[in-house]
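Read through the structure below, which is laid out as structure tokens, and then see the notes.
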Amino acid sequence: MKRPSFDRLLSIGLLTPSLIAVGVFVYGLIGWTAFISTSKWNTLRPDYSSVGLANFASIFGNARFQIDLRNTVVFTIFFVGGSLIVGLTLANLIDRRIRAEGLFRSLFLFPMAISFIVTGVVWKWLLSPGTAGQPVGFNQLLGLDPTTNRWFTDPTVVHIPADSGVGTVLHDIGLGFLASSNFGLPVAMLAIVIAATWQMSGFVMALYLAGLRGIPEELREAARVDGASEWSIFRHVIFPLLTPITLSAVIILGHISLKIYDLTVAMSPNGPAFATDVPATFMWQTTFKDDNFARGAAVAVVMLVLVAVLIVPYLVWSRRQETST
Amino acid sequence: MSATSIELGPAPAHIRSTWFRRLGRVVLYALLVLAAIYYLVPVYMLVVTSLKGVTEVSLARMWAFPQGFNLGSFGEAWSKLAPNFINSLLIAIPAAAISSILGSLNGYILAKWKFRGADLLFTLILFGMFIPYQAVLVPLVQIASTFGLYGTIPGLVIVHIIYGIPITTLIFRNYYVGIPNELIESSRIDGAGFIAIYRSILLPLSIPGFVVVLIWQFTSAWNDFLFAVTLTSQQNWPVTVALNNLAGSFIVDWNVQMAGALIAALPTLLVYILLGRYFVRGLLAGSLKG
């Protein structure tokens, strides 16, 4: 037992630089950002005197940031939901002993190798409405009217009208704020969802396909013998077995969607009335264009908290899983 | 023909079921082809636009097939993006190489030289791959300025290496966990130490692991936008930032933008086409727990 002690020291010594790097650059800098977010540094010259939570009050009171939060929620729901449905469907199609399986798999997955910037640039042209005289992109291909199919340039926000029946009921029970555009659905965001789903659904397919391949055929056979239909086998046997994969996919897609920046910047940086604006856009503009470093840091802290709420339980869960197996 | 089949009445059950199965197969392939079209439409648009000559480009015929083979748009985009393309190579290659080496070492230690608290440390490292980098951007600018690295390529490379540590450590650790401990033990009994075990056992088995991690890191560094747009000055912009700038400008024609997008996508696409298997493995390794 004498010999390993030198190796032990060596191993810890070789791990230390990485630990310090992660400690400083992940945890240290997060701490520093949190500190900046409570400071007065809202000009070019750093001023670290404390203002408490004033920067947070300022951003949460900011109409644009409120819109950004709404956009993030809408984007997350549709992007995660859409990618899961498309990915799961594709995985099930591919898992049926098809010909040219490799080719289809590669086709569905290649967008993962491309940057969000490239995706954004291409989809910007595919989903640009064009004008009534000159439709472009999908409007041109499918013969759609550019004045009604406006994709990411659509300023419409679908929400419960305040003067409708539901609106008045909500108002009477003190939930009148729900009948406002801040709790609506920005149509323009759905165009971003289409592009994002194009990029990420193949990845979900790959996850599910790996899961489906791990399910023994006997399980399906047994259910078939019991007279279960293919759909109910999927619904009651296969899908529950895929739960860990669904969870992983939701976590991965969810954290991407909460941080989304490159795609919206390339496709539609702000959108009409900030319909495609996201917290990341707001953070960058506030910090590096308007030099409001403390307020920008506050936005970053909010983004971090949103991601952490999703990721930390997941990390704890996967650690438990690993120690239990 | 149809008259005779009506006369025959309904087919027996087993024939009907094969007919059903055949119909099912047709629907299955129809759906697959439909999906394939959805994934290929942007590629079609990129390629046909890039191949159209300047005289042939018009919004009215943006879906039309090119009349001939013309690299005019491509050439114009290349003349604008070439320096940035080279910057991207100068950023992505060293970043991928160095963070792979670090990841391999870390993975080896965390998988085979476990100490008390190693798993907790590993989880703490992993958190770093999920954070929104916005939460470190301002301090990074401050640090980079302090050390004279702001705006430079080496500065961006260092950033990619550091924030690449979590994912490369994860992939290598999970890869090494699969190598039986008996192998390590027996060579330790033969007197091999930390370095000898790594060199003689782990490293020779690591080639696929290195391919996976190198591809992964190269792709993420090549595709990065946020770090680059924040930390590099204009002459050091990688191709993603330059492309976004090109596409945001009203002076540059859309066909040149499309050709530029194709140029920016080509290296990682090529890697994907040639080494797709490893790419997918990295994808799954990076997203699932060990």
Over the alpha-carbon set of chain A, divide Rg by the Kirkwood Rh and report the Rg/Rh ratio to two decimals.
1.04
Calculate the length of the line joining the C-alpha centroid of segment A:1-48 to that of segment B:167-240, in whole Å.
21
Between segment B:112-157 and segment A:145-204, the Cα center-to-center distance that results, in Å:
37
Relative contact order as a percentage, chain A, C-alpha pairs under 8 Å and 6+ apart, gives 27
On average, how many beta carbons from a partner chain sit within 10 Å of the beta carbon of a residue in B:109-121?
3
Would you mind checking which residues have amide H under 5 Å from residue A:39's amide H? H placed 1.01 Å from N; only 5 or more apart, or other chain.
A:51
So what are the ³J(HN,Hα) numbers for segment A:7-19, from phi and the Karplus equation (6.51, -1.76, 1.60; θ = phi - 60°), rounded to whole Hz, Gly and Pro as x?
4, 4, 4, 4, 5, 5, x, 6, 7, 3, x, 5, 4
Convert 37 °C to kelvin, take the viscosity as 0.692 mPa s, use the Kirkwood radius over C-alpha pairs of segment A:1-118 as Rh, and evaluate the Stokes-Einstein diffusion coefficient in µm²/s, rounded to a whole number.
159
³J(HN,Hα) across segment A:45-55 via Karplus (A = 6.51, B = -1.76, C = 1.60, θ = phi - 60°), whole Hz, x for Gly/Pro?
8, x, 9, 8, 5, 7, 10, x, 9, 4, 5
Hey, with R₀ at 45 Å, roughly what FRET efficiency would residue B:189 and residue A:48 work out to, going by the Cβ-Cβ distance, to 0.05?
0.20
Let a ≥ b ≥ c be the square roots of the eigenvalues of the Cα gyration tensor of chain B; is it rounded (a/c under 1.5), or, if not, prolate (a/b larger than b/c) or oblate?
oblate
Among B:173, A:99, A:8, which comes first, second and so on when ranked by fewest other beta-carbon atoms within 10 Å?
A:99, A:8, B:173
What list do you get for A:200, A:283 if you sort them by fewest beta carbons within 10 Å?
A:200, A:283
Going fewest to most other Cβ atoms within 10 Å around each Cβ, A:221, A:101, B:56 line up as A:221, A:101, B:56
Cα gyration tensor shape for segment B:154-290, rounded if a/c is under 1.5, else prolate or oblate
prolate
Looking only at B:25, B:116, B:199, which one moves most when chain B is put into a Gaussian network model with springs between Cα atoms under 10 Å?
B:25
Calculated from DSSP helices alone, with each H run of at least 4 adding -39500 (n - 2.57) and the total divided by the residues of the protein assembly as shown, [θ]222 nm to the nearest 500 comes to -22000 deg cm²/dmol
Scaled by the rule-of-thumb 2.2 N^0.38 Å, the alpha carbon Rg for segment A:237-319 gives a ratio of 1.37
Who wins for biggest fluctuation among A:241, A:19, A:88 in a Gaussian network model of chain A, springs between alpha carbons below 10 Å?
A:19
Two decimals is fine: what is log10 I(q)/I(0) at q = 0.18, 0.19, 0.26 Å⁻¹ for segment B:9-100, from a Debye sum with one equal scatterer on every Cα and no solvent?
-0.93, -0.96, -1.16
I'm a student and want to see the number: the projected area of the Cα convex hull of segment A:1-64, averaged over all directions, in nm².
7.4
List the aspartates and glutamates whose Cα lies under 16 Å from the Cα of residue B:80, skipping any in the same chain that are fewer than 8 positions away.
B:253
Beta carbons within 10 angstrom, averaged per residue: use that to sort the peptides B:119-125, A:245-251, A:74-80, highest first.
A:74-80, A:245-251, B:119-125
How large is ³J(HN,Hα) for each residue in segment B:139-147, as worked out from phi by the Karplus curve 6.51 cos²θ - 1.76 cosθ + 1.60 (θ = phi - 60°), to whole Hz, x for Gly and Pro?
x, 4, 4, 4, 5, 4, 5, 4, 9
In peptide B:30-39, how many Cβ atoms from other protein chains are near each Cβ within 10 Å, on average?
5
For the protein assembly as shown, what is the per residue volume of the convex hull drawn over the alpha-carbon atoms, in cubic angstrom?
230
Ignore the peptide's own chain and count Cβ atoms of other chains within 10 Å of each Cβ in B:254-265; give me the average, rounded.
4
Under a 5 Å amide H to amide H cut-off, with H placed in plane at 1.01 Å, what residues pair with residue A:185 once short-range neighbours are removed?
A:158, A:159
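Each reported figure results from applying straightforward, stated rules to the coordinates on display, with no laboratory input. Computed from a predicted model, the values in this text were never measured in an experiment. Please note: Cβ atoms are built from the backbone with ideal geometry, for glycine as well, and neighbour counts cover all protein chains shown.
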